[in-house]
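K.L.:
I'd like to ask some things about the structure below.
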C-alpha cells in the first residue's frame, strides 16, 4: 500500500489541481493560514473559512429520515443458528476438496465491506471511529442489524432491483415510470415478503399511479412474448427467450412450451379500459382531446406537457378472456401453424388454490409458489451473490437441469431457508452477514478463470458504479437525502385525468400541474437546486434513470437499464479520468464538504492524515503510509494543498475502489 500511496501522491503533485483544498477551479477561495499548520498545531487554521460552493440543502444533516421496517429484534439467535449452518456446509465442502477457509477479516476490513454491501457506501469518519473503538463482543451483529434497518439499506437494495427490473423514468415515450420506481423502493422500505410483491406485480390492474405494481407489465408494453421471457428470467432464473422463435438449441424448452406459458398472459391489455357506460365509448378519447387542442393552438402545435398527460392517461392494465395461437410459420410436427395453444406451465403444476383464478393469477401463483424450486433457488442465489460476490450457480439467471453448482447442499439449505422465513429477504440477508463465511478475508477470484469457487470467503470485487458515487457523497455532503423521487400519490396529483369525462380545459389544468412539477424541464430545474458543477448531489437511487452516457455513474458501468442486470464492471479510461480530475471528485475538496471540514479541524498534520485514512479507507495509516503522506504535506506549497493531494491519491487506489 505504501508504494501505491507514494506513487499516487507524487503523481497528484504533477498532474492534479488538488490545490482545490485552498483554491477551487473557477476562482480562488480564501486560503487558510499556514503558520499554525507549519508549527504543528493546526494544518490549516483560519480566521474565516472560505465560502462553500456546495448547494445549501446538502450541507446540513437531514432532520427527518424515512421510516424503515427494522430487523426482527428477537430473531438474532435464530439468525445465528442459520449462519452456523451456512458455515458448516461451506467448510464441509472445503474439507472434501482439501481446501482451507480464509482467516476472519479484521474489524477494519469487515466494517468497510459490510457498509458497502448493505448500505452501498463507505462508513463516515464518525461511524468508523464508533465501530473501531467499540469493545462490545457482539459489535459486528449490532452493526449488521443497524445497517439493515437504515434508509441507506433501502437505497442500496433499490439500486440492485432497479438494475434487475430495468427501472427507468420513461420505459416508452408516453409511459411514466416514476410511480413504479417509487413502488419498488417502498416494498424494500416495508420489507414486504418477496413472494407477495412479485405476485402483485404479475397480477396488478389499473392505472400506474393508482396501482404502481402495474409498472412491471408496462415495462414491456406492446411486447407480450418478451414480457414472458423477462419474467421467467428475473424470477425463475431461466432463459427461455430462444424458444420464442424455435426450439431452444442448448436447453430442453421447445417453441410449443414457450407459447403454452405465454398463453397465461395473452389476455393482458395495457391500453385504456372501455368505460362501463358504453355511450362514452366514442372513439379514442386521447386523440379527441389532442385534436381539440390542435384546432385552437397557434399553428396546431400542442404543448409537450399536454400531450404527455393525455397519452400517459391512456395506459391501463387489465385482463380479458383471450386465446393465443402459434405463429404462422410454426415448423414443428407437434402442432400446426396458427393452432390455438392451451396454457401450461413449464414444470410442476399451478397450485390448487389458484386453479379457479384468471390465467394471470394462475401464472403468478405458479411463479411464486413455495413449491417452485427455481423461484426460491433463484432469489437465494441472487442474494448470495449480492453479499459474497459470485453465485453458487453462474450465470444467476440461466439455471438449467445440468447447471454446475458450487455447493448443492448449501443452495438447497438457502432456498429452503427463504421459504421458512416466508420470503423475508432482510432476515435472509442477515443470516448470510452473520456467517463466518461472509466475515472472512476475501479471495481474488475471476469467474472467467473457468474454475469453480467454493467460498473460503467472499470474492474481492470492484465497487459498483452506485457504490463509488454514494461513497464519494459520504465524503462530501452531510445530507445525501436532500432530494428524493416522488411517491406514486404525489405523482398522481400532477397527472391523473379521466379521459372519458375530461374536457380540453380539464386536460389543460392537469397539464399545467404536470408542467410545474414532473415534466422534464421543471424536474431538471428542481434537481438543479442540489447541483454542483452539473452533478446532482443525492443518493444514486434518487437520480434520474437512465442517466446520460457521459455521467459518472454510466462511465463506471451503470447500465442503461434496457437489459436485465446490465451493469458492467470493466475498467475503462473514462473511469480513470473521472477519478483523476472529474467534477464529482472535486466536490469533497470544496470548503464545506464533510472531509474538508474534518481535515481542517484536525489538531495537527498527523491527526489530519489519520482523519483522511479513516475517512477514505476505514483504517489508520501504517507507519510508511503516514510518513509518505506527511512528507507530501511538508513539501506542498501550502499544507492544505498537500492534504488535498493525499485525499485525491487515496481515492485512486485499488484499496478505495474495491470491496475487500
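The values are calculated or read from the model by the stated rules, or taken from the named source; none is laboratory data. No experiment lies behind these values; they were computed from the predicted model shown. Note that each Cβ is placed from the backbone with ideal geometry, even for glycine, and that neighbours are counted across all protein chains shown.
K.L.:
In this structure, does residue 533 turn out to be surrounded by fewer than 22 Cβ atoms within 10 Å (Cβ to Cβ), within 25 Å of residue 309 (Cβ to Cβ) and within 25 Å of the chain's Cα centre (by Cα)?
P.N.:
On the way: surrounded by fewer than 22 Cβ atoms within 10 Å (Cβ to Cβ): yes; within 25 Å of residue 309 (Cβ to Cβ): no; within 25 Å of the chain's Cα centre (by Cα): yes.
No: the conditions fail for residue 533.
K.L.:
All but one of (1) over 30 Å from residue 311 (Cα atoms); (2) surrounded by fewer than 16 Cβ atoms within 10 Å (Cβ to Cβ) hold for residue 526; which doesn't?
P.N.:
That leaves (1) as the condition not met.
Residue-by-condition table, conditions (1) in contact (Cβ under 8 Å) with a residue 60 or more places away in the chain; (2) out of contact with any helix residue (DSSP H, G or I) (no Cβ under 7 Å at 6 or more places or on another chain):
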site: 142; (1), (2): no, yes
site: 158; (1), (2): yes, no
site: 182; (1), (2): yes, no
site: 187; (1), (2): no, no
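K.L.:
Going by the structure shown, is residue 332 in a loop (DSSP other than H, G, I, E, B) and in contact with a helix residue (DSSP H, G or I) (Cβ under 8 Å, 6 or more places away or on another chain)?
P.N.:
Yes, satisfied.
K.L.:
Restricting attention to segment 304-331, report how many residues are over 27 Å from residue 209 (Cβ atoms) and either surrounded by 13 or more Cβ atoms within 10 Å (Cβ to Cβ) or touching a strand residue (DSSP E or B) at 6+ places or on another chain (Cβ under 8 Å) (or both).
P.N.:
Within segment 304-331, residues that are over 27 Å from residue 209 (Cβ atoms) and either surrounded by 13 or more Cβ atoms within 10 Å (Cβ to Cβ) or touching a strand residue (DSSP E or B) at 6+ places or on another chain (Cβ under 8 Å) (or both) number 6.
K.L.:
Return yes when residue 88 is at pLDDT 95 or above, closer than 20 Å to residue 438 by Cβ and either under 27 Å from the mean Cα position of the chain (by Cα) or assigned by TED's automatic domain parsing to the domain that holds residue 218 (or both) and no when it is not.
P.N.:
no
K.L.:
If you check residue 219 against the conditions, is it crowded, with 19+ Cβ neighbours inside 10 Å, in the same structural domain as residue 266 (by TED's automatic domain parsing) and under 19 Å from residue 259 (Cα atoms)?
P.N.:
Details: crowded, with 19+ Cβ neighbours inside 10 Å: yes; in the same structural domain as residue 266 (by TED's automatic domain parsing): yes; under 19 Å from residue 259 (Cα atoms): no.
In short, no.
K.L.:
With 527, 547 as the choices, which residue is touching a strand residue (DSSP E or B) at 6+ places or on another chain (Cβ under 6 Å), outside the structural domain of residue 583 (by TED's automatic domain parsing), at pLDDT below 95 and not in a strand (DSSP E or B)?
P.N.:
On inspection, the qualifying residue turns out to be 527.
K.L.:
Related question: Could you list, in sequence order, all residues of segment 482-516 that are surrounded by 14 or more Cβ atoms within 10 Å (Cβ to Cβ) and under 16 Å from residue 181 (Cβ atoms)?
P.N.:
The answer is 483, 484, 485, 486, 487, 488, 490, 491, 492, 494, 495.
K.L.:
Taking helices (runs of 4 or more DSSP H) that fall entirely within segment 203-317, which contain at least 1 residues that are over 24 Å from residue 165 (Cβ atoms) and modelled with pLDDT of 90 or more?
P.N.:
Working: elements: 215-218, 224-236, 255-262, 285-296, 304-312.
Of the helices (runs of 4 or more DSSP H) lying wholly inside segment 203-317, those with at least 1 residues that are over 24 Å from residue 165 (Cβ atoms) and modelled with pLDDT of 90 or more span 255-262, 285-296, 304-312.
K.L.:
Among the residues in segment 336-351, are any outside any strand (DSSP E or B), touching a helix residue (DSSP H, G or I) at 6+ places or on another chain (Cβ under 8 Å) and at positive phi?
P.N.:
Scanning segment 336-351, I find at least one residue that is outside any strand (DSSP E or B), touching a helix residue (DSSP H, G or I) at 6+ places or on another chain (Cβ under 8 Å) and at positive phi, so the answer is yes.
K.L.:
Would you confirm whether any residue within segment 390-400 is more than 26 Å from the chain's Cα centre (by Cα) and not assigned by TED's automatic domain parsing to the domain that holds residue 259?
P.N.:
Yes.
K.L.:
Separate question: Check off (1) outside any loop (DSSP other than H, G, I, E, B); (2) at pLDDT below 95 for residue 156 and give me the number that stays unchecked.
P.N.:
(2)
K.L.:
Can you tell me which residue is surrounded by the most Cβ atoms within 10 Å (Cβ to Cβ) among those in segment 136-152 that are over 19 Å from the mean Cα position of the chain (by Cα) and part of a loop (DSSP other than H, G, I, E, B)?
P.N.:
138
K.L.:
If I filter segment 394-419 down to residues being without any contact (Cβ under 8 Å) to a residue 40 or more places away in the chain and either within 17 Å of residue 88 (Cβ to Cβ) or touching a helix residue (DSSP H, G or I) at 6+ places or on another chain (Cβ under 8 Å) (or both), which single residue comes out as surrounded by the most Cβ atoms within 10 Å (Cβ to Cβ)?
P.N.:
411
K.L.:
Please go through segment 67-103 and pick out each residue that is within 30 Å of residue 151 (Cα to Cα) and in contact with a strand residue (DSSP E or B) (Cβ under 6 Å, 6 or more places away or on another chain).
P.N.:
Once the filter is applied, which keeps residues that are within 30 Å of residue 151 (Cα to Cα) and in contact with a strand residue (DSSP E or B) (Cβ under 6 Å, 6 or more places away or on another chain), segment 67-103 yields nothing.
K.L.:
Can you work out which of the residues in segment 252-290 that are out of contact with any helix residue (DSSP H, G or I) (no Cβ under 8 Å at 6 or more places or on another chain) and over 30 Å from residue 503 (Cα atoms) is surrounded by the most Cβ atoms within 10 Å (Cβ to Cβ)?
P.N.:
Here the residue is 259.
K.L.:
Being touching a residue at least 24 places away in the same chain (Cβ under 8 Å) and more than 25 Å from the chain's Cα centre (by Cα) is the filter; apply it to segment 210-244 and report the residue that is nearest to residue 334 (Cα to Cα).
P.N.:
240
K.L.:
Can you tell me which condition residue 653 does not meet? The list is (1) surrounded by fewer than 18 Cβ atoms within 10 Å (Cβ to Cβ); (2) farther than 22 Å from residue 123 by Cα; (3) within 30 Å of the chain's Cα centre (by Cα), and all the others hold.
P.N.:
That leaves (2) as the condition not met.
K.L.:
Please go through (1) within 22 Å of the chain's Cα centre (by Cα); (2) modelled with pLDDT under 85 for residue 581 and return the number of the only condition it doesn't satisfy.
P.N.:
Looking at each condition in turn, residue 581 falls short on (1).
K.L.:
Is it the case, given these coordinates, that residue 120 is surrounded by 18 or more Cβ atoms within 10 Å (Cβ to Cβ), touching a helix residue (DSSP H, G or I) at 6+ places or on another chain (Cβ under 8 Å) and touching a residue at least 24 places away in the same chain (Cβ under 8 Å)?
P.N.:
yes
K.L.:
Please report, ordered by residue number, the helices (runs of 4 or more DSSP H) entirely within segment 463-523 with at least 1 residues that are closer than 30 Å to residue 572 by Cα.
P.N.:
Working: elements: 465-476, 488-493, 504-517.
Answer list for segment 463-523: 465-476.
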